[in-house]
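Heads up: the structure comes next, in structure tokens.
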Amino acid sequence: MEYLNPVLLLILVAEVCLGICAWHSPNFLRRVAAHLLTRADVVDVSRQESERRMKVWLDEFGLDSNPVSTKQQVRVHPVSRDEVKVS
């Protein structure tokens, strides 16, 4: 007889508990929804702030986030494979 994965069993028990709480109290659903939406907003704000910080550092070093920038100077080695003579 195969046993149920403990993680899947925990998820199943949590779903049953959430279902019972939601069935007994509509306020529970409102609190859970508010909590999840707040966390989603925090994640979005954190991502935007991280992108803003990256842009500030790129500007600080004189780089631009746009790869086709005129400010960026790409150093190219003067010797290519075609110019190298093989003896």
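Each value in this text was obtained by applying a stated rule to the coordinates, not by laboratory testing. Keep in mind it's a predicted model, so treat the numbers as computed, not measured. Here the Cβ positions follow ideal geometry from the backbone for every residue, glycine too, while neighbour counts run over all protein chains shown.
Where in segment 1-49 are there chymotrypsin sites (Phe, Trp or Tyr not before Pro) that are in a DSSP coil and have at most 15 other Cβ atoms within 10 angstrom of their Cβ?
Y3
Step through the residues of segment 29-38 one at a time and calculate ³J(HN,Hα) from phi using the Karplus curve (6.51 cos²θ - 1.76 cosθ + 1.60, θ = phi - 60°), rounding each to whole Hz and writing x for Gly and Pro.
Karplus values, whole Hz, x for Gly and Pro: 4, 5, 5, 5, 4, 4, 5, 5, 5, 5.
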